[in-house]
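Working notes for the structure below.
The values are calculated or read from the model by the stated rules, or taken from the named source; none is laboratory data. Note that the coordinates shown come from a computational prediction; the quantities given were computed from them, not determined experimentally. With ideal geometry, Cβ positions are generated from the backbone for all residues, glycine too; neighbour counts draw on all protein chains shown. With ligands, DNA and RNA removed, areas are computed over all heavy atoms of the protein, side chains included. Shrake-Rupley method; radii C 1.70, N 1.55, O 1.52, S 1.80 Å.
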Amino acid sequence: MIGSWLQQQSVRVIISKRVQNRCFFAQCKSLQCKRSIVASSSQAAHIRHQQQHTQQYRCYGSQLKVELDPHPEEVVATPAIEPYLRTCLRTSINADDNSNNQQRTSNNDNYKAIDMEFAITFLGTGGGSPTMHRNGSCTALRLGGQTYLFDVCEGTYRQLQFTRISPMSITKIFISHLHGDHLYGIVPVIMGIMVAHKVAMNDNSMSQKRKSRFYKPNNKRLAGAAYGGEDSVTMEKPTIEIYGPPGLYNYIGMVLSLSCSKMNHLNVKVIELVGGKEERGFGSSANSSQRGRRNVFTSHYPEIQTPLVTRKFLEQNDDKTWIIDAPEPVTADSQVVGRDGFARLPNDTNLGTERRLHIKAAELDHLSGVQTFGYVVEEQPPPGTIDKDKAVALGVKPSKKYGLLKCGISVPNDDGTGEVHPSQVLCNVFRPRKFSLLADHRRVPPPMARLCTNSDVVVHEATLSKKDGVDRIKTRGHQNAFNAGRFAQMLGCKVLALNHFGGLAFGKSLMTDILSEARDGNRGASQIMAAYDFMEIGVPRGGFDFSKKESSDK
């Protein structure tokens, strides 16, 4: 059976076109592709009547719309994970649609428990090229005020227009490798983010307090006024960071230069990860046969320099990984001032774009000479929940001390006669959530595997089938669902999300076979799902613990 979220919220694209008094009706769903020819005018009228009673979520053009499909036919996940799945489509602007959406939400208790502190959104789940039912690779990690993108195929910016993801919330982009189906959409996304910021910064109807969610005042003198609503306050240009293999900066700079694109409202920092085994730069063996020629991956070309676009190199560590971000542990003295002007602890999930997470990368074995990375994002240990009555009884009234206790830091009681420890007042302690993304590969090297250990969600490709054999894995540089399931089992991953499917990966029979293959390799160790465009996984605070659910069901 399919979960309630899929029964009510799966995506359907309907294209309707009149041809010589006959109606050609093609249903192209992101979950399944169907085609049916309607010849008679009475049948066409019946279809139009049905379309008038469906919930329209986004219109583009006159006859193309994305709607909810109330009758899905595909099984896409194991039952335990289904309550955490939903659509990332925008909500309807129609009043009736909103009331229906509220009713649908209230009927699903699990849906209410999912917030946007840590959610994985699939904007593209296809393989080498986009198809009618799947766009190319792109996965978003939504973090309650900011968004990370992983790989950007062509058409990604258009996919964003259908979702609740604001382009202005995108602060980091991670590129796994320089193949086109993971890269060609990067410049349109950059330009779209810049235009969105430009419009917002020049919008006089938007208060300065609201603008401060995305922009910092350009100096300390103006910092106080930024929250007072003065229109004269100017803001710093926003910044986006892009990580990937050597050559990424040259690609972005070349496209921007040849397309005569002006970057004047967005700082773009391109950070290239150098020092890996498959690196094609800095005198690597891959370029030894081209002596006398410039290395296009790492060479500097003044002709493609673009204002506000900078380049940096990040060296590999001794453990064969790259540390992209490593926030300091929370202490009694650590405070971060958010864009709203409030001082919070570094692990506060309400920090928005100021929230920092542990981000690491390591190499994958894709194809010889194609440097490919996997990425892992883990939040800082989130605050626990405190028993107010116990804290008051121990001499600590509600104050900022509660925030320290929630983070595991002991505090003196209010009269200074003793010390209160977190173990005395905390009723719930949450472990940090962890997300891993493995792009195209034929083998996962040990450094990358260690990073993925105990992930809440691991995104793994399933381009091939087990029937294709080992030789095809080696020649094509891709993996199958069986090995994906075995990988998740070996490393204790809670949820395995399969993606990067081939062009024929649709239909109930084939998708069921893919899931069965993954289950055979996993042996029941993980919850398994087949990702579709516009699907979203909400990871609850404290991560997934399906053992508790299973024990309660018994």
Task: Matching residues, region 481-499, being open to solvent by 10 Å² or more (accessible area, probe 1.4 Å) and out of contact with any Cys (no Cβ under 7 Å at 6 or more places or on another chain) - done: F482, N483, R486, F487, Q489, M490, G492, K494, N499
Open item on the list: Can you tell me which residue is nearest to L89 (Cα to Cα) among those in region 506-530 that are buried (at least 24 other Cβ atoms within 10 Å of the Cβ) and of a type in the set (G, A, S)?
Closed with: A530
TODO: Just one of (1) at pLDDT below 90; (2) in a strand (DSSP E or B) trips up C427, so point out which.
DONE: (1)
Open item on the list: List pairs: first residue in region 534-548 and on the phi > 0 side of the Ramachandran plot and assigned to a helix (DSSP H, G or I), second residue surrounded by 23 or more Cβ atoms within 10 Å (Cβ to Cβ) and of a type in the set (K, R) anywhere in the structure, Cβ distance under 6 angstrom, at least six positions apart or on different chains.
Closed with: none
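Rundown of residues vs (1) under 30 Å from P412 (Cβ atoms); (2) surrounded by fewer than 18 Cβ atoms within 10 Å (Cβ to Cβ); (3) among the small types (G, A, S), yes/no style:
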| residue | (1), (2), (3) |
| --- | --- |
| E328 | yes, yes, no |
| F342 | yes, yes, no |
| L345 | yes, no, no |
| D348 | yes, no, no |
| I359 | no, no, no |
| L367 | no, no, no |
| T372 | no, no, no |
| Y375 | no, no, no |
- [ ] Filter region 145-161 down to residues that are open to solvent by 30 Å² or more (accessible area, probe 1.4 Å) and in contact (Cβ under 8 Å) with a residue 60 or more places away in the chain and give me whichever is farthest from K269 (Cα to Cα).
- [x] Q161
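One line per residue, one yes/no per condition, for (1) surrounded by 15 or more Cβ atoms within 10 Å (Cβ to Cβ); (2) assigned to a loop (DSSP other than H, G, I, E, B):
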site: L364; (1), (2): yes, no
site: Q380; (1), (2): yes, yes
site: D389; (1), (2): no, no
site: S423; (1), (2): no, no
- [ ] From the list N347, N317, pick out the single residue that is in a loop (DSSP other than H, G, I, E, B) and at pLDDT 90 or above.
- [x] N317
Open item on the list: With the condition being in contact with a His (Cβ under 6 Å, 6 or more places away or on another chain), I'd like the strands (runs of 3 or more DSSP E) fully within region 116-209 carrying at least 2 qualifying residues.
Closed with: none
Task: Cβ-Cβ under 7 Å pairs, at least 6 apart or on other chains, region 162-185 side within 19 Å of Q371 (Cα to Cα), far side open to solvent by 30 Å² or more (accessible area, probe 1.4 Å) and among the polar types (S, T, N, Q) - done: D181/S129
Open item on the list: Return the residues of region 405-421 that are outside any loop (DSSP other than H, G, I, E, B) and out of contact with any helix residue (DSSP H, G or I) (no Cβ under 6 Å at 6 or more places or on another chain); say none if nothing qualifies.
Closed with: K406, P412, E419, V420
- [ ] List every residue pair whose Cβ atoms lie under 9 Å apart, where the two residues are 6 or more positions apart in sequence or sit on different chains, the first residue falls within region 383-400 and is farther than 13 Å from V420 by Cα and of a type in the set (V, I, T), and the second residue, located anywhere, is at pLDDT below 90 and loosely packed, with under 11 Cβ neighbours inside 10 Å.
- [x] none
